[in-house]
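Asks: Let me give you the structure first, and then I'll get to my questions.
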Amino acid sequence: MKSDRDRCIALAGLFQAANLVSDIAYTGNCEPEAARASIHSLFQVDADSVPTVYGGLEGISTGLNQLIGQLSGKEQRTTEITGYVITMMHLERKLSKQPQLLKIISDGIKLATTRLEHFPMLHQNILGQLADIYSQTLSTMQPRIMVNGEPLHLQDSDNTNYIRSLLLAGIRSAILWHQCGGKRLQIIMSRKRIINAAINLKDN
């Protein structure tokens, strides 16, 4: 799994999670289908392909649009979203060297998987469990992801759970991107290739 296509899909998943976090932080809402695909990725431990992680290419449509807009400069760049992406990439590299934290995440995902038998993917019982996993692991690491937004929305506990769950999903995409051979310098050095791959994926 080291093709430009696979790397682009995983990177789109990362941008999608960051974009959804920003939407919730500023508006209290986000696109439910995109969020469902991002949260779905957390439960795909043995997926047979990269698109399957997100339930198919349609699952990362929002992420592809965001990726193209951010890297091409055709749309106004949102520095906060880019900042979230870079920080999640950095945390993923640190997390890879923390086996005890990886075990907590793995065990937590297994528990959340059993709850999917009783609750839908975006139910607060599921998001609360995923948020707890994030709090026990990635929240203890540096640099911490500081989410900006409207205080009214950031102080809502349901929104907090949603944001932490999506940040966990973003880390999942960062792991996948790295597994596909992704490196941070590629975003700068291979920007045009990434944009073209994203455009081709949108056209499929």
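Nothing in this text is a laboratory measurement; each read-out follows from the coordinates by a stated rule. Please read these numbers as outputs of a predicted model, since none were measured by experiment. Note that each Cβ is placed from the backbone with ideal geometry, even for glycine, and that neighbours are counted across all protein chains shown.
Asks: Apply the Karplus curve 6.51 cos²θ - 1.76 cosθ + 1.60, θ = phi - 60°, to the phi angles in segment 112-127 and return the couplings in whole Hz, x for Gly and Pro.
Replies: Couplings: 4, 4, 5, 6, 5, 6, 10, 9, x, 3, 9, 5, 4, 5, 6, 5 Hz.
Asks: Would you calculate a helix-derived [θ] at 222 nm for the chain, using -39,500 (n - 2.57) for each DSSP H run of n ≥ 4 and dividing by the full residue count, to the nearest 500?
Replies: -22000 deg cm²/dmol
Asks: Rounding to the nearest 20 debye, state how big the charge dipole of the chain is about its Cα centre with +1 on each Lys and Arg Cβ and -1 on each Asp and Glu Cβ.
Replies: Value, rounded to 20: 980 debye.
Asks: Calculate log10 I(q)/I(0) of segment 4-203 for q = 0.14 Å⁻¹, where I(q) comes from the Debye formula with a single equal point scatterer on each Cα and nothing for solvent.
Replies: -0.74
Asks: What FRET efficiency would be calculated for the residue pair Asp107, Arg36, taking the C-beta separation as r and a Förster radius of 30 Å, to the nearest 0.05?
Replies: The pair Asp107/Arg36 has a calculated efficiency of 0.80.
Asks: Using θ = phi - 60° and the Karplus form 6.51 cos²θ - 1.76 cosθ + 1.60, what ³J(HN,Hα) does each residue of segment 88-97 get, whole Hz, x for Gly and Pro?
Replies: Once rounded to whole Hz, the list reads 5, 4, 5, 5, 4, 5, 5, 4, 4, 9.
Asks: Something else now. List, in order, the whole-Hz ³J(HN,Hα) value for each residue of segment 147-154 obtained from phi through the Karplus relation with A = 6.51, B = -1.76, C = 1.60 and θ = phi - 60°; use x for Gly and Pro.
Replies: Taking θ as phi minus 60°, the curve returns 8, 9, x, 7, x, 4, 7, 6 Hz for segment 147-154.
Asks: Another question about this same structure. Stretch Leu122-Asp158 to full length: gain in nm at 0.36 nm per residue minus the Cα-Cα span?
Replies: Between Leu122 and Asp158, full extension yields an extra 11.9 nm.
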